[in-house]
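Single-structure report; data block below.
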Amino acid sequence: MSLLVIGTVAFDAIETPFGKTDKIVGGAATYASLAASYFYKKTKIVAVVGNDFPAENIQILKNRGIDVEGLQIKEGEKSFFWSGKYHNDMNSRDTLATELNVLANFDPVIPASYQDCSYLMLGNLTPQVQQTVIKRLHKRPKLIVMDTMNFWMDIALPDLLETIKMVDVLAINDAEARQLSGEYSLVKAAHKILTMGPKYLIIKKGEHGALLFFEDKIFAAPALPLADVFDPTGAGDCFAGGFIGYLAQVGTINFNNMKNAIIFGSALASLCVEKFGTERISNLSDEEIANRVQQFVKLSSFTL
C-alpha cells in the first residue's frame, strides 16, 4: 500500500517582508509529499519538470525517502515557474509571473509500481488531469483527497464538478467554498458542497484555522499564533500532505481520525512557514513535530 501525491514540482521566486529569494524548489507536490513523508514511508510522486531542474532539488525529495519514479523530466523544456510578492499581512499576495512551461501539456504517467496506491492526494491541477490520474489507477484507492482553487471554478466548472464526485475529501478555502456553493454562510456552503459527492469537506481559513464537515458533524481546528511567518508559500500543501500522511499511517478512516489528521496537517503547515521554501519542511525531527502538535492541543484544551 502506498500514498501517491499528484501535483506540481516547480521553481518559485518569493518576496516577503522578511526578504526575497531567487529561484528555489517549490510546487504543490513537493510540499505535500515532504509533509506526508514524516508519517508514511511509502510516499510516491507523479509530476513533471524540465531538464533545467537540478538533480540536487530532486534529491531533496529522495532524502525523505520519496519515490520519484513518476517524476517526468522533459528534455529541452523548462519547469513550471511562479513568482509572487506577499503583502505585509502575509495573507494576500501579488503574482508577478506564472510560466506553465512543461505543465501546459502535462500527461500524468502512472508507473506500474504505483498501482498499489491506497491513498491518493490530488494536488491543485486541472480537473481533467486529476480525473485522468483516478482513471489510470487499476483499483480505486481507499481514500482520495482533492485540492482545488477558484481559478478552476471560473474556467472549468463542469469538469471540476465531475471530479468532485469522484473523491472522498475536498479541501478548499472559505472564499472558494462560498463561490462553489453560492452560499455565504460556511455551514450552509458545506452542506451544499457535501451533496456534490465528497464525504468530507475541509474549509481552510488561513490564520484562523480550518473547519471539517462530515454529515451533521463539524470540527473547528485552531491556527497556531506565530511570532514570525517568513514565507506562507506551500503551507496549504503541507497541511494536505500532513493530513493524508497521518491518515495513511493510522489506516482507519473515520471522523475522529480525520480530526486528528487536521491537527497534524496544521502542525506541518505551521512549521513550513518558519523559513523560505522547503528549507524547514525538509529537515524536521520527530520531536519538533510532536512538540508542535502538543502546542495545538494546549491551544484549544480547557475544562468546564
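The values are calculated or read from the model by the stated rules, or taken from the named source; none is laboratory data. Keep in mind the model is a prediction, meaning the values are calculated, not measured. Quick reminder, even Gly has a Cβ in these numbers, built from the backbone with ideal geometry, and neighbours come from all protein chains shown.
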Answer with yes or no whether K275 is closer than 21 Å to K165 by Cα and charged (D, E, K, R). no
Quick test of your reading of the structure: V250 fulfils all but one of (1) closer than 23 Å to M149 by Cα; (2) among the β-branched types (V, I, T); (3) touching a helix residue (DSSP H, G or I) at 6+ places or on another chain (Cβ under 7 Å). Name the failing condition by number. (1)
Working only within region 1-39, note down all residues that are in a loop (DSSP other than H, G, I, E, B) and touching a residue at least 24 places away in the same chain (Cβ under 8 Å). M1, G7, T8, V9, P17, F18, T21, K23, G27, S37, Y38, F39
Filtered residues of region 175-205 (kept if touching a helix residue (DSSP H, G or I) at 6+ places or on another chain (Cβ under 9 Å), under 21 Å from F239 (Cβ atoms) and outside any helix (DSSP H, G or I)): P198, Y200, L201, I202, I203, K204, K205
Do you know which residues across region 282-295 are under 20 Å from A210 (Cα atoms) and under 20 Å from the mean Cα position of the chain (by Cα)? I289, R292, V293
All positions within region 55-97 that are of a type in the set (G, A, S) and over 29 Å from G209 (Cα atoms): A55, G65, G70, G76, S79
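Just need a number here: residues in region 219-244 that are of a type in the set (D, E) and either closer than 24 Å to S301 by Cα or modelled with pLDDT of 95 or more (or both). Let's see the steps before the verdict.
Initial filter on region 219-244 (of a type in the set (D, E)): 228, 231, 237.
From the residues that got through so far, the ones that are either closer than 24 Å to S301 by Cα or modelled with pLDDT of 95 or more (or both) too are 228, 237.
Number of matching residues: 2.
From the list F219, F239, F243, F264, pick out the single residue that is out of contact with any Cys (no Cβ under 6 Å at 6 or more places or on another chain) and surrounded by fewer than 20 Cβ atoms within 10 Å (Cβ to Cβ). Talk me through it step by step, then tell me what you get.
Working: F239 fails: surrounded by fewer than 20 Cβ atoms within 10 Å (Cβ to Cβ); F243 fails: surrounded by fewer than 20 Cβ atoms within 10 Å (Cβ to Cβ); F264 fails: surrounded by fewer than 20 Cβ atoms within 10 Å (Cβ to Cβ).
The conditions single out F219.
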Would you mind stating whether L212 is buried (at least 17 other Cβ atoms within 10 Å of the Cβ) and closer than 30 Å to F302 by Cα? yes
So K62 fits all but one of (1) under 20 Å from the mean Cα position of the chain (by Cα); (2) touching a residue at least 24 places away in the same chain (Cβ under 8 Å); (3) more than 26 Å from V229 (Cα to Cα); what number is the exception? (2)
Filter region 274-291 for residues that are surrounded by 13 or more Cβ atoms within 10 Å (Cβ to Cβ) and under 14 Å from A35 (Cα atoms) and give the result. G277, T278, E279, R280, I281, S282, N283, L284, E288, I289
List the pairs whose first member sits in region 197-225 and is touching a residue at least 60 places away in the same chain (Cβ under 8 Å) and closer than 12 Å to I262 by Cβ, whose second member is of a type in the set (G, A, S) and in a strand (DSSP E or B), and whose Cβ atoms are under 8 Å apart, counting only residues at least 6 apart or on separate chains? I202/A171; I202/A210; A221/A210
Would you mind telling me which numbered condition in (1) under 19 Å from I281 (Cβ atoms); (2) surrounded by fewer than 24 Cβ atoms within 10 Å (Cβ to Cβ) I14 fails? (2)
Are any of the residues in region 170-177 under 20 Å from S113 (Cα atoms), under 18 Å from the mean Cα position of the chain (by Cα) and either modelled with pLDDT under 95 or surrounded by 14 or more Cβ atoms within 10 Å (Cβ to Cβ) (or both)? no
Filter region 79-102 for residues that are outside any strand (DSSP E or B) and surrounded by fewer than 17 Cβ atoms within 10 Å (Cβ to Cβ) and give the result. H87, N88, D89, N91, S92, L100
For region 281-299, which residues satisfy the criterion of being within 17 Å of T30 (Cα to Cα) and at pLDDT 95 or above? I281, S282, L284
Looking for whichever is under 18 Å from L211 (Cα atoms) and small (G, A, S) here; the options are A177, A156, A112. Which one fits? A177
Only one of I172, I144 that is in contact (Cβ under 8 Å) with a residue 24 or more places away in the chain, touching an Asp or Glu at 6+ places or on another chain (Cβ under 7 Å) and not in a helix (DSSP H, G or I): I144
